[in-house]
1. Mean Kyte-Doolittle hydropathy of -1.0 or higher plus an axial Cα length of 18 Å or more: which whole DSSP H helices in the chain meet both?
2. Only Cα pairs within less than 10 Å get springs; with that Gaussian network setup on the chain, which residue of A140, A76, A148 has the largest fluctuation?
3. Leaving out same-chain residues fewer than 8 places away, which lysines sit with a Cα under 19 Å from that of K168?
4. Ordered by residue, what ³J(HN,Hα) values in Hz, to whole numbers, does segment 72-79 give under the Karplus form 6.51 cos²θ - 1.76 cosθ + 1.60, where θ = phi - 60° and Gly and Pro are x?
5. L64's amide H: which non-local residues (gap 5+, or another chain) put their own amide H closer than 5 Å, with H modeled 1.01 Å from N in plane and none for Pro or chain starts?
6. Out of these labelled values of Rg/Rh (Cα atoms, Kirkwood Rh), (1) 1.08; (2) 1.28; (3) 0.96, which was calculated from the coordinates shown here?
7. Please list, ordered by chain and number, the residues whose modelled amide H lies under 5 Å from the amide H of A170; skip anything fewer than 5 residues away on the same chain.
8. Give the carbon-plus-sulfur fraction of the accessible surface of the chain in %, rounded to a whole number; probe 1.4 Å, heavy atoms of protein chains only.
Amino acid sequence: MSTAAPETKSNMRRLVVLLPLALFLALAALFFYRLGSGDPSRIPSALIGRPAPETSMPPVPGLLARDGKPLPGIAATDYPGAVTLVNVWASWCIPCHDEAPLLNALAEDRRIRLVGINYKDQPDNARRFLGRHGNPFVAAGADGNGRASMEWGVYGVPETFLVGRDGKIAYKLIGPITEANLERVLEPEIEKALAARP
């Protein structure tokens, strides 16, 4: 009697057991490689280098500027001629609370404009949020249904876009502004946009 048949069956069983394990290990290695490579806040945007979306948004009702006048909404014509940071935020967004002091510090730089898109928020809550943290914005548009943010390619809040003097999107930051990404990425991008000719 030949021993080849039982040996072949034993090899097949090993292969059936080891093949899923090998596939799992390969997928786990790929996952960990991708997890450690790159900065997740630098997800490429199809809008980089393109004109800012021509979306106009009404002002957040009752929101006042630092001088006490009503804060205007956002008009599509606001971007050309100035370097603008467009921050998408909401009062219900926990990371938005964390980045608020950094936005106020950025607002001190008179070379740039800060504009806010208030995403799917209630006006009372938005006013309370800015009353508590300070209002860094020269304009704030209410995006109650999220459609305008979709045109900007927003994944979630917070997100920040840098629009150059030419009215084109120069950079997109996904997630909150932190001291680390402000110093490492956002400030150098702002300086590049300020140095660029329109």
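1. Working: long enough: 4-36 (47 Å, 1.00); 94-107 (20 Å, 0.49).
Span-like helices in the chain: 4-36, 94-107.
2. The residue with the greatest mean-square fluctuation here is A76.
3. By straight Cα distance, K168 reaches K192.
4. Those phi angles translate into x, x, 10, 10, 4, 7, 6, 7 Hz.
5. Close amide H contacts, sequence-distant or interchain: L71.
6. (2)
7. The answer is G49, L162, V163, G164.
8. On the way: 7090 of 11570 Å².
Its accessible area is 61 percent carbon and sulfur atoms.
The values are calculated or read from the model by the stated rules, or taken from the named source; none is laboratory data. All values reported here derive from a predicted model rather than from experimental measurement. In case anyone asks, the SASA skips ligands and DNA or RNA and just uses the protein heavy atoms, side chains included. Shrake-Rupley method; radii C 1.70, N 1.55, O 1.52, S 1.80 Å.
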